[in-house]
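Take a look at the structure below.
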Amino acid sequence: MGFGIETIRDAARRIEGRVRATPLLSSPVLDELTGAKVLVKAESLQLTGSFKIRGALNTLRSLTDAERDAGVLAFSTGNHGQAVAASAQMTGARATVVMPQDAPRIKVEGVRWWGGEVVFYDPATQDREEVGRDLVHERGLTLVHPYDDVRVMSGQGTVGLEIVDQLREGGHSPDAVVVPCSGGGLSSGVFEAVRDAHPGVTPFVVERDGYPKMARSLASGRVEKVPAVPVFLDAIGSPTVGRHTLDALSRHPVDPLTVTDDEARVAMREAFRTLKLVVEPGGSAALAAVLAQRERFAGQTVVVVASGGNVDASVYADVLTG
């Protein structure tokens, strides 16, 4: 199965009416702060608290009845797991979710609320994909990969379709689109959709400082890995990227950026202050990059994806008061 604008449009039809069309927000205060026209796609307001429901639901609605009846498995730091659990509930399937034992509590509770079974693993000594593969084999489950699946990528691309429609409605012509990057599912989908309508826009991926796996993969042309360690920016903490996502992103002139934990904290505070928007650490990465590199985006119209808002209350309180 190929990946492109038509598979994204198919995904939009498949999930229509089952996910939220999230707003594209702006603030004159944020514009003054950055020196740019910043438009924030608020996927933190999405069902399950992140964009992940789009790709998960598109995938589950693409399965055969037999595959759904047998159950599905996801491995996730939390957002993908919640999305798969919710999609399973919507489609009458059972979901098992492999999560790190230090996953944010709000994400573990979210998986369980949607009816998913949580299986913990130790990221210091175990590989989540190996744990997942063993369960798939033992239980006869169907794996719903967090990013390296054309169905998932196409579902995430519906974020980009909405952005295009909202830009048109607002009379905006974007100069840049900035997206947090973990395994590459969201960025590959968004860039494919937005650049179909705006081929001159510059696409930026944002990764953790010191762990630029997608930047390295784009440079080498092969899938690169980084150490799997507990991170504040857990939503973009995947230790590797996907083969399909790398191929998709290689079609575009992607400019990679990185952000630090402290830059993410600043972005979380500014999202709250200027937009009244709760954004989790990894979900704030794109806004963090624009705030930290103002000179790079000054005078431009910049679309920023705020990819999720699932942050533990204690962590969020520390960020806001820090």
**Q.** Alpha-carbon Debye profile of the range 72-149, log10 I(q)/I(0) at 0.12, 0.17, 0.18, 0.20 Å⁻¹
**A.** -0.27, -0.55, -0.62, -0.77
Q) Excluding ligands, DNA and RNA, what is the solvent-accessible area per residue of the range 26-129 at a probe of 1.4 Å, expressed in Å²? A) 36 Å²
Q | Sorted largest first, extent of the range 4-89 alpha carbons per principal axis (Å) | A | 54, 30, 21
Q) What fraction of the Cα pairs in the range 44-184, stated in percent, has a spacing above 18 angstrom? A) 55 percent
Q: State log₁₀ I(q)/I(0) for the range 165-322 at q = 0.11, 0.12 Å⁻¹ as given by the Debye formula over alpha-carbon point scatterers of equal weight, solvent excluded.
A: -0.41, -0.49
Q: Looking at the chain, send over the antiparallel percent of its DSSP beta bridges, to the nearest 5.
A: 10 percent
(Q) With every atom except the alpha carbons ignored, what do you get for Rg and Dmax of the range 161-224, in angstroms? (A) 13.2, 39
Q: For the chain, with all protein chains present and a 1.4 Å probe, just round the carbon and sulfur fraction of the accessible area to a whole percent.
A: 48 percent
Q: Would you mind checking the tilt of helix 158-170 against the longest principal axis of the Cα atoms of the chain, expressed as 0 to 90 degrees and rounded to 10?
A: 30 degrees
Q.
Testing the spin-label approximation: label points 7 Å from Cα along Cα→Cβ at Leu320 and Glu32. State their distance in nm.
A. 2.3 nm
Q | Solvent exposure, largest accessible area first (probe 1.4 Å, DNA, RNA and ligands not counted), of Asp10, Asp149 | A | Asp10, Asp149
Q) Taking N as the number of residues in the chain, what value does Rg over Cα atoms divided by 2.2 N^0.38 Å take? A) 0.91
Q: Rounded to the nearest 500, what is the 222 nm mean residue ellipticity of the chain from helices alone, with -39500 (n - 2.57) per DSSP H run of 4+ residues and division by all residues?
A: -13000 deg cm²/dmol
Q) Which number gives the lysine pairs in the chain that have C-alpha atoms under 16 Å apart and are eight or more places apart or on different chains? A) 4
Q: Express the accessible area of the range 195-322 per residue in Å², computed with a 1.4 Å probe while the remaining protein chains stay in the model.
A: 40 Å²
Q: Measure nothing fancy, just the Cα-based angle from helix 185-197's long axis to the longest principal axis of the chain, in degrees from 0 to 90, nearest 10.
A: 50 degrees
Q: Please give the solvent-accessible surface of Glu129 in Å², to the nearest 10, using a probe radius of 1.4 Å with every protein chain present.
A: 50 Å²
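The values are calculated or read from the model by the stated rules, or taken from the named source; none is laboratory data. Quantities reported herein were computed from a predicted structural model and do not represent experimental measurements. Backbone-built Cβ (ideal geometry, glycine too); neighbour counts: all protein chains shown. Side chains included, ligands, DNA and RNA excluded: accessible areas come from the protein's heavy atoms. Shrake-Rupley method; radii C 1.70, N 1.55, O 1.52, S 1.80 Å.
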